[in-house]
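A.B. asks: The structure that follows is given in the form of structure tokens.
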Amino acid sequence: MKNVSSYPLSRLRRNRHDNFTRRLVQENHLHVDNLIWPIFVCEGQNQRQKVASMPGVERVSLDLLVEHVKQAVDLGIPAVAIFPITPKELRDSKGTEALNPDNLMCRASRLLKKNFPDLGIIGDVALDPYTDHGHDGLIKDGRILNDESIEVLRLQALNQARAGNDIIAPSDMMDGRVQAIRETLDEHNFETVRIMSYTAKYASAFYGPFRDALGSGGLLTGDKKTYQMNPANSDEALREVEQDLAEGADMIMVKPGMPYLDIIRRIRDNFAVPTFAYQVSGEYAMIMGAIEKGWLDRDRTILESLMAFKRAGCSGILTYFALDAARLLKD
Ligand code: PBG
């Protein structure tokens with residue numbers, strides 16, 4: 001007989017032995033409630049334009065928008081984030097179109113609110129969809145102006161709240177914008193409109209396909225490194241969170257997602273606050289590219305990539321896979 005002590009006493013494989021046990025000991029769960037679907041809207045009639053670098057993602061005109069978003073509503077997805085494609089001729093150096101109460105974003109919000117009163121509508125606040133230089137704020141002599149940009153951003157947020165957006169998501173990374181937006185919303189009796197701040201938004205290469213989708217990529221002069229965070233930094237993200245919470249943010253976001261799971265975990269360990277991640281266009285493109293080549297299994301890769309966010313501590317994820325994931329979770 002073999003000496004018993006030579007066998008492992010603790011065997012972690014026992015809890016992996018069968019499906020029921022694996023289910024009992026599973027630490028994290030992905031649920032449709034965790035999904036936010038970013039959508040691109042464009043002008044025109046009967047438009048469903050493909051985005052070359054984001055296979056499966058379309059820019060949709062307003063006449064098709066209700067049908068498009070109904071897919072998410074039917075699947076039980078709690079919220080969508082609207083991104084408008086502004087025609088070139090409406091872009092200027094100051095992003096004036098951001099303040100137009102009839103701009104594409106506002107028309108889309110009103111339409112969706114009317115048709116789906118219970119669906120959460122999230123609006124990005126930043127000037128890049130509206131500027132002819134592709135930056136998120138105002139520029140003078142090649143520099144992005146902080147405080148002057150905030151004056152426009154607070155009005156942009158107000159414009160969106162008036163159109164019915166439930167959540168304002170400032171993605172511009174100017175210092176002090178959360179407070180300015182909070183004050184402006186409250187002054188105009190929008191005290192229930194929530195702020196989901198893009199708190200730790202990195203100057204990332206992974207936004208490339210999104211800028212293609214928006215048509216702002218080719219316009220961008222220089223980079224966004226003077227306002228978006230350096231990918232090498234982690235402590236600084238905690239200071240950003242501290243600041244945004246003090247300024248009145250209700251929810252915070254880390255962006256991009258998969259390359260920054262460590263940041264999500266640190267935030268979650270340090271602050272008891274709803275934390276979201278944006279699995280951005282480049283992450284989507286990377287996964288879809290490999291799926292299309294037959295190098296990765298579609299369903300398993302999508303769900304595993306999203307589960308990783310839950311494990312890291314996320315409350316929810318903005319993801320272009322929201323519909324696919326919701327369908328897979330139903331099966
Ligand atoms: C705009 C904004 C960007 C994204 C969301 N809001 C791009 C950028 O900062 O250049 C990127 C989303 C994605 O890549 O999917 N401020």
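The values are calculated or read from the model by the stated rules, or taken from the named source; none is laboratory data. What you see is a predicted model; the values in this text were computed from it and never measured. All Cβ positions, even for glycine, are placed from backbone atoms using ideal geometry, and neighbour counts span all protein chains on display.
A.B. asks: So, of the residues in the range 264-285 that are within 17 Å of the chain's Cα centre (by Cα), more than 14 Å from Glu240 (Cβ to Cβ) and assigned to a helix (DSSP H, G or I), which turns out to be nearest to the ligand (Cβ to nearest atom)?
C.D. replies: Only one residue fits best here, namely Ser281.
For every residue, the table says whether it meets (1) at pLDDT 95 or above; (2) touching a strand residue (DSSP E or B) at 6+ places or on another chain (Cβ under 9 Å).
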position: Gly289; (1), (2): yes, no
position: Lys293; (1), (2): yes, no
position: Phe309; (1), (2): yes, yes
position: Asp324; (1), (2): yes, no
position: Asp331; (1), (2): no, no
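A.B. asks: Step by step: first the residues of the range 245-284, then only those that are in contact (Cβ under 8 Å) with a residue 40 or more places away in the chain and among the aromatic types (Phe, Trp, Tyr), then the one that is nearest to Val178 (Cα to Cα). Which residue is that?
C.D. replies: Taking the candidates together, the pick is Phe276.
A.B. asks: Follow-up question, since we're still on this one. If only one of Leu328, Leu323 is within 16 Å of the ligand (Cβ to nearest atom) and not polar (S, T, N, Q), which one is it?
C.D. replies: Leu323 is the lone residue from the list that is within 16 Å of the ligand (Cβ to nearest atom) and not polar (S, T, N, Q).
Matching residues to (1) closer than 22 Å to Asp63 by Cβ; (2) assigned to a helix (DSSP H, G or I):
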residue	(1), (2)
Ala108	yes, yes
Ile121	yes, no
His133	no, no
Asp136	no, no
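A.B. asks: Every residue in the range 173-192 that is part of a helix (DSSP H, G or I) and either in contact (Cβ under 8 Å) with a residue 40 or more places away in the chain or not acidic (Asp, Glu) (or both), please.
C.D. replies: Correct list: Arg177, Val178, Gln179, Ala180, Ile181, Arg182, Thr184, Leu185.
A.B. asks: Spot the failing condition for Leu90; the list is (1) within 14 Å of the ligand (Cβ to nearest atom); (2) in contact (Cβ under 8 Å) with a residue 40 or more places away in the chain, and only one is missed.
C.D. replies: The one condition Leu90 does not meet is (1).
Here's the yes/no breakdown for (1) within 11 Å of the ligand (Cβ to nearest atom); (2) touching a residue at least 60 places away in the same chain (Cβ under 8 Å); (3) farther than 30 Å from Ile77 by Cβ; (4) of a type in the set (Ser, Thr, Tyr):
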site	(1), (2), (3), (4)
Thr96	no, no, yes, yes
Leu104	no, yes, no, no
Arg110	no, no, no, no
Asp118	no, no, no, no
Ile121	no, no, no, no
Leu127	yes, no, no, no
Asp132	no, yes, yes, no
Leu138	no, no, yes, no
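A.B. asks: Counting only residues that are near the ligand (Cβ under 10 Å from one of its atoms) and assigned to a strand (DSSP E or B), which one in the range 193-214 is nearest to Met229 (Cα to Cα)?
C.D. replies: Step by step, filter the range 193-214, then rank; the result is Tyr202.
A.B. asks: Can I ask one more? Under the condition of being within 16 Å of the ligand (Cβ to nearest atom) and not in a helix (DSSP H, G or I), which residue from the range 226-248 is surrounded by the fewest Cβ atoms within 10 Å (Cβ to Cβ)?
C.D. replies: It comes out as Asn230.
A.B. asks: Separate question: Every residue in the range 272-291 that is surrounded by fewer than 18 Cβ atoms within 10 Å (Cβ to Cβ) and over 23 Å from Gln71 (Cα atoms), please.
C.D. replies: Listed by number, the residues that qualify are Ala272, Val273, Pro274, Met286, Gly289, Ala290.
A.B. asks: Any idea which of (1) touching a Leu at 6+ places or on another chain (Cβ under 7 Å); (2) not in a strand (DSSP E or B) is the one Phe83 doesn't satisfy?
C.D. replies: The single condition Phe83 does not satisfy is (2).
A.B. asks: Starting from residues that are within 14 Å of Glu283 (Cα to Cα) and in contact with a Leu (Cβ under 8 Å, 6 or more places away or on another chain), keep the ones in the range 294-320 and report whichever is farthest from the ligand (Cβ to nearest atom).
C.D. replies: Applying the filter and picking the extreme gives Leu303.
A.B. asks: Another question, if that's okay. From the list Ile139, Ile121, exactly one residue is at pLDDT 95 or above, under 17 Å from the mean Cα position of the chain (by Cα) and not aromatic (Phe, Trp, Tyr). Which is it?
C.D. replies: Ile121
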